[in-house]
Amino acid sequence: MAGKQETHQFKTEIQQLLNLIINSLYSNRDIFLRELISNSSDAIDRLRFKAQTDADIMGDDTEFFIRITPDKEKRTLEISDNGIGMTYDEVMENIGTIAKSGTSAFLEALESSKKGDTLAPDLIGKFGVGFYSAFIVADKVTLTSKAAGSDTAVRWESKGDGSYTIEEVEKEKRGTTILLALKSPEEKEDDDYTDEWVIRQTVKKHSDFVRYPIVMEVDKTEDIPEAEQVKDKDGKATSTTRKVRKDETLNSRKAIWTRSKSEIKEEEYNEFYKHISHDWNDPLSHIHVKLEGVVEYTMLLYIPEKVPFDFFTVERKHGIRLFSRRVFIMENCKDLIPDYLRFVKGVVDAMDLNLNVSREILQQDKMVRNIRKNIIKNVLNHLSEMGKEKYEKFFDAFGMVLKEGIHSDWDNKDKISDLVRYKTTKSDGAYVSLKDYVIRMKPDQKEIYYITGENMSTLINSPHLEKLKDKDFEVLLMTDPIDEWVVQALTEYEKKPLVSAEKGDLKIDDEKKEEKEEKVKALDSLFEFIKTELAEKIKEVRPSTRLKDSVACLSGDEGEMSAYMEKIMKATGNAGPDAKRVLELNVDHPAITKMKELFEKDKKDIRLKDYSQLLLDMAVIGEGGKIENPSRFNKQVGELLSGAI
């Protein structure tokens with residue numbers, strides 16, 4: 001029965017990908033087979049999951065398989081499965097485009113990869129477009145798929161030349177078949193993917209642990225039954241064996257997590273991670289634990305080495321694969337792991353979990369709560385036991401995510417606090433733990449000081465830190481937006497209060513109190529004048545407890561938003577009215593002394609208004625902000641400079 005047929009042009013990002021694949025060199029071309037087998041395995045998993053609520057969806061086709069069929073004469077390779085299949089619309093959606101969340105990041109990576117003539121092998125898997133890896137070895141790709149429960153099938157075909165055709169066709173059974181018209185080997189060393197040995201070795205290397213049989217018809221030698229033997233005149237058999245074609249299962253199918261840790265090689269752990277995560281990099285580390293007792297389950301968890309390109313997008317799915325007695329229950333089970341550990345990938349296999357568990361029941365299941373608790377415990381312990389170099393690599397990638405737990409997981413707040421790291425004013429770019437910070441505190445230092453902002457250079461040179469540096473007090477430099485929520489939840493560490501260097505009274509001025517009060521009192525009138533002049537922009541003018549060399553800075557009162565928090569809220573569309581801040585002035589600075597003299601000489605001197613505005617502008621610039629009128633500031637500085645020279 002003929003159905004509709006359409007021809008479409010690839011979207012720009014897909015065509016760029018295909019051009020790059022077709023024209024690039026590869027050191028490991030066999031990545032395509034692993035990706036296509038992994039897709040088939042996922043399709044069967046999805047069918048089994050759907051069958052839990054729709055028992056009739058599988059019909060009488062309940063023996064799952066992934067079949068590989070090479071043809072040396074035609075130079076084709078076919079990969080087929082009896083998984084869930086795809087409808088016409090699903091093929092259009094899944095094969096014709098890259099997910100919107102990945103487009104911009106993919107194009108950036110694509111652009112940077114053009115610097116050389118070799119495409120990094122992880123680019124395809126990294127951006128979730130593994131289907132297109134088929135064009136590494138194929139001149140033409142034909143996909144035929146029939147969705148479970150559908151009456152019609154769909155065929156998608158392309159030569160990677162800018163367009164593809166899609167049409168409705170007939171197919172007897174559900175599932176997906178991908179036919180590759182293979183390129184001719186360019187070099188003698190290139191693997192021939194119609195060769196049985198090459199296919200067998202590739203599957204063994206990359207997909208041995210896939211839980212469904214990967215089958216291929218191969219040549220075998222079998223004994224000829226005596227009744228069928230051809231005999232010569234002396235009654236002797238002319239041949240006792242014969243060549244036959246029979247199916248052979250190429251993978252062991254043994255779930256890696258059920259095996260003893262002592263018998264699993266590191267390469268096997270790494271390959272399994274790549275299978276479940278579609279990440280082409282090796283993991284940074286893994287956790288393999290079997291718990292026995294009242295509750296029995298096994299967990300095999302991985303910590304990635306690098307951040308996935310779409311990790312922070314709304315569309316990104318996080319969670320652990322959940323099994324019960326090796327039966328697949330759920331993909332991306334979020335109930336097993338908190339959001340702040342969402343970088344963890346892996347599987348959990350529980351012995352006695354309800355196979356028909358629903359999302360609502362799952363959240364209430366005692367076993368699931370127990371598993372979640374132990375996953376958190378094992379991951380946090382594992383991170384705490386990592387070597388310094390490996391942990392810093394992890395923290396560079398996922399530190400900002402881990403810190404979310406301080407605000408969201410009160411039961412484990414102390415453990416997570418021990419794991420966070422910050423660069424400081426004294427660490428020379430190295431990470432420092434809160435524990436090490438406390439050990440290094442000066443004898444007369446009672447508090448842990450920190451400052452937040454988006455730029456490390458701006459923070460380390462901030463005028464807010466001048467007095468703290470003068471007293472040789474170390475300051476934590478917090479540059480992640482989440483740090484603003486961290487300091488709200490983590491008000492103290494080892495009974496040492498956390499204090500912002502830009503809010504409240506630091507109470508570290510060691511000048512004699514009486515002398516200080518007398519100097520400030522003499523400036524009251526000038527401060528009141530400046531406050532009046534800048535009334536629309538500031539709420540107060542105060543003598544600074546922070547400044548030593550700079551003349552001015554902006555601060556806030558305790559409990560108020562920091563400048564960085566205010567910026568974050570504006571960027572997310574949640575900003576309220578602009579909060580007025582405190583203008584702090586250095587009463588020991590010569591500029592303030594000169595302004596005081598000018599004010600006492602002539603309170604109506606027009607320069608006093610200009611200098612007041614200049615002080616505010618300098619304070620804004622000092623914390624990395626943008627001033628309202630750069631032209632005016634430039635003019636004022638120019639006039640002061642010409643008068644000083």
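The values are calculated or read from the model by the stated rules, or taken from the named source; none is laboratory data. Predicted model, so just to flag it, every value in this text is computed and none were measured. Counting neighbours? That spans all protein chains shown, and the Cβs are built from the backbone with ideal geometry, glycine included. Heavy atoms of the whole protein, side chains included, go into the accessibility calculation; ligands, DNA and RNA do not. Shrake-Rupley method; radii C 1.70, N 1.55, O 1.52, S 1.80 Å.
Residues considered: Phe32, Phe106. Of these, the only one that is more than 20 Å from Lys171 (Cβ to Cβ) and modelled with pLDDT of 85 or more is Phe32.
Let me confirm something: among Asp557, Asp549, which residue is open to solvent by 80 Å² or more (accessible area, probe 1.4 Å), charged (D, E, K, R) and under 21 Å from Val475 (Cα atoms)?
Criteria check complete, one pass: Asp549.
Across segment 467-510, the qualifying residues are those that are open to solvent by less than 60 Å² (accessible area, probe 1.4 Å) and of a type in the set (Val, Ile, Thr), and the one among them that is modelled with the lowest pLDDT is Ile508.
Would you check if there is a residue in segment 547-563 being more than 41 Å from the chain's Cα centre (by Cα) and free of Cβ contacts under 8 Å to residues at least 40 places away in the same chain? Spell out the reasoning first.
Here is the first cut: in segment 547-563, the ones more than 41 Å from the chain's Cα centre (by Cα) are 548-549, 551.
Imposing the further condition that a residue be free of Cβ contacts under 8 Å to residues at least 40 places away in the same chain reduces the set to none.
Looking through segment 547-563, none of the residues is more than 41 Å from the chain's Cα centre (by Cα) and free of Cβ contacts under 8 Å to residues at least 40 places away in the same chain.
Being open to solvent by less than 60 Å² (accessible area, probe 1.4 Å), touching a residue at least 24 places away in the same chain (Cβ under 8 Å) and under 17 Å from His589 (Cα atoms) is the filter here; which residues of segment 615-627 pass it? Reasoning before the result, please.
Residues of segment 615-627 that are open to solvent by less than 60 Å² (accessible area, probe 1.4 Å), as a first pass: 615-617, 619-620, 622-625, 627.
Next, only the ones that are touching a residue at least 24 places away in the same chain (Cβ under 8 Å) stay: 615-616, 619-620, 622-625.
Residues satisfying the conditions are Leu615, Leu616, Ala619, Gly622.
Go through segment 153-176 and report how many residues are under 19 Å from Ile44 (Cα atoms) and either open to solvent by 30 Å² or more (accessible area, probe 1.4 Å) or in a loop (DSSP other than H, G, I, E, B) (or both). Before you say what the answer is, go through the steps one by one.
Filtering segment 153-176 for residues under 19 Å from Ile44 (Cα atoms) gives 153-154, 171-176.
If we keep only those that are either open to solvent by 30 Å² or more (accessible area, probe 1.4 Å) or in a loop (DSSP other than H, G, I, E, B) (or both) too, we end up with 171-174.
The qualifying residues number 4.
Of these, Ser408, Ser427, Ser457, which one is open to solvent by 60 Å² or more (accessible area, probe 1.4 Å), more than 23 Å from Asn381 (Cα to Cα) and among the hydroxyl-bearing types (Ser, Thr, Tyr)? Sole residue among the options that is open to solvent by 60 Å² or more (accessible area, probe 1.4 Å), more than 23 Å from Asn381 (Cα to Cα) and among the hydroxyl-bearing types (Ser, Thr, Tyr): Ser457.
Being touching a residue at least 60 places away in the same chain (Cβ under 8 Å) and in a helix (DSSP H, G or I) is the filter here, so list the residues in segment 254-277 that pass it. Lay out the reasoning, then the answer.
The initial filter retains those residues of segment 254-277 that are touching a residue at least 60 places away in the same chain (Cβ under 8 Å), namely 255, 257-258, 268, 271-277.
Matches in segment 254-277: Trp257, Thr258, Glu268, Glu271, Phe272, Tyr273, Lys274, His275, Ile276, Ser277.
Scanning for something assigned to a loop (DSSP other than H, G, I, E, B), exposed (fewer than 14 other Cβ atoms within 10 Å of the Cβ) and under 55 Å from the mean Cα position of the chain (by Cα), does segment 195-214 turn up at least one residue? Taking every residue of segment 195-214 in turn, at least one turns out to be assigned to a loop (DSSP other than H, G, I, E, B), exposed (fewer than 14 other Cβ atoms within 10 Å of the Cβ) and under 55 Å from the mean Cα position of the chain (by Cα). Restricting Glu584, Glu540 to those that are of a type in the set (Asp, Glu) and open to solvent by 50 Å² or more (accessible area, probe 1.4 Å) reduces the list to Glu540. Checking each residue in segment 298-320 for being open to solvent by less than 20 Å² (accessible area, probe 1.4 Å) and within 16 Å of Val379 (Cα to Cα) picks out Thr298, Met299, Leu300, Leu301, Tyr302, Ile303, Pro304, Gly319, Ile320.
The residues of segment 58-76 that are within 23 Å of Arg253 (Cβ to Cβ) and open to solvent by 20 Å² or more (accessible area, probe 1.4 Å), listed by number, are Met58, Asp60, Asp61, Thr62, Glu63, Phe64, Phe65, Arg67, Thr69, Pro70.
Listed here are the residues, each with its yes/no results for (1) of a type outside the set (Phe, Trp, Tyr); (2) not in a loop (DSSP other than H, G, I, E, B).
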site	(1), (2)
Arg542	yes, yes
Ser550	yes, no
Leu554	yes, yes
Met561	yes, no
Tyr564	no, yes
Lys570	yes, yes
Val582	yes, yes
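Taking the criterion of being among the small types (Gly, Ala, Ser) and modelled with pLDDT of 90 or more, the residues of segment 565-618 that qualify are Ala591, Ser612.
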